[in-house]
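FYI, it's all coordinate maths here, none of it is from the lab. Model, not experiment: these values are computed from the prediction. A quick note on method: Cβ atoms are made from the backbone with ideal geometry, for glycine too, and the neighbour counts reach across all protein chains shown.
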Amino acid sequence: MKIIMLGAPGAGKGTQAQMIAEKYHLPHVSTGDIFRANIKNGTELGREAKGYMDRGVLVPDELTVRILLDRVAQEDCKNGYILDGFPRNIPQAEVLDKELEKLGDKIDVAIDMEVPDESIIKRMMGRRACTACGATYHIENVPPKKEGICDKCGEALILRDDDKEETVKNRLNVYHEQTQPLIDFYTEKGILKTVDGTQDMMDVFKTITDILE
Ligand code: AP5
Ligand code: MG
Ligand code: ZN
């Protein structure tokens, strides 16, 4: 099964993708997580991506598409995957379709998580992230068992550099301009499913698993 998670920054794509990954034993492929891991490890790719991410704008397609295609070509993606944060504009979606078509393959479902902008800012301010394993927490909604420490891998949690209020506003603008058109794109393909992302985390998950089954 090949699943795309769509939604504004902070809609809960990463949170749900991780739960889907565990339940269905599929790899969780997040371009944002790949960039953050590269920044942490001080790679050339990380240095290049950081400038864009800190401003809340998209990393150029030529860089992002290559990274994504390399990732989904790996062995563990053979039986499917969950894409979180990719595609993020129409050109990325078109490249993905074209590459899958060459393999006689296609995306099965695009899940759009809807959360109004007002709720997003609040969520982002309380978010804490693990750059080692990609787990996501919220100081009020989803606190880790031990403050500042990842439940899953024991690494220190961070406040993401791009979660400052100004940057979040930029990311929301970029989302509305460049990513939201993908809702029509996948609706026309007949594979879009819309989920109310303002529900409690477990209710969102239930809605998604109902769609997948
Ligand atoms: P990326 O890492 O993808 O960030 P994003 O899309 O902005 O989304 P977030 O990760 O911020 O939010 P999320 O939807 O995953 O929400 P989460 O589950 O954490 O991208 C970052 C940057 O990388 C981009 O700005 C860009 O520069 C670059 N980039 C990445 N991909 C790219 C691409 N394809 N092309 C070009 N550039 C790219 O949840 C948010 C918070 O809410 C958490 O604290 C969580 O605990 C909490 N929460 C989750 N669900 C609920 C709920 N139901 N109720 C209450 N709280 C909840
Ligand atoms: Mg995320
Ligand atoms: Zn972790």
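Summary of values
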quantity: Under 22 Å from the Cα of Lys2 - lysines, other chains or at least 8 residues apart; calculated: Lys13, Lys23, Lys78, Lys98, Lys102, Lys106, Lys189, Lys193, Lys206
quantity: Å³ per residue enclosed by the Cα convex hull of the chain; calculated: 119 Å³
quantity: Helical mean residue ellipticity (222 nm; -39500 (n - 2.57) per DSSP H run of 4+; nearest 500) of the chain; calculated: -14000 deg cm²/dmol
quantity: GluC sites (Glu not before Pro) within segment 88-173, DSSP loop, no more than 11 other Cβ atoms inside 10 Å; calculated: Glu140, Glu147
quantity: At R0 = 30 Å, FRET efficiency that the Cβ-Cβ distance of Leu159 and Ile90 yields, to 0.05; calculated: 0.40
quantity: Overall Cα dimensions of segment 62-160, principal axis frame, Å, largest first; calculated: 47, 33, 25
quantity: Cα-based Lys proximity count in segment 118-184, under 24 Å, for pairs eight or more positions apart or on separate chains; calculated: 5
quantity: Two-site label geometry, His25 and Thr43: point separation in nm, points 7 Å out along Cα→Cβ; calculated: 2.7 nm
quantity: Exposed-loop-free span, longest in the chain, where trypsin sites (Lys or Arg not before Pro) count as exposed if DSSP calls them loop and at most 11 other C-beta atoms lie within 10 Å; calculated: 1-77
quantity: FRET E, pair Asp203, Lys169, Förster distance 30 Å, beta-carbon r, rounded to 0.05; calculated: 0.60
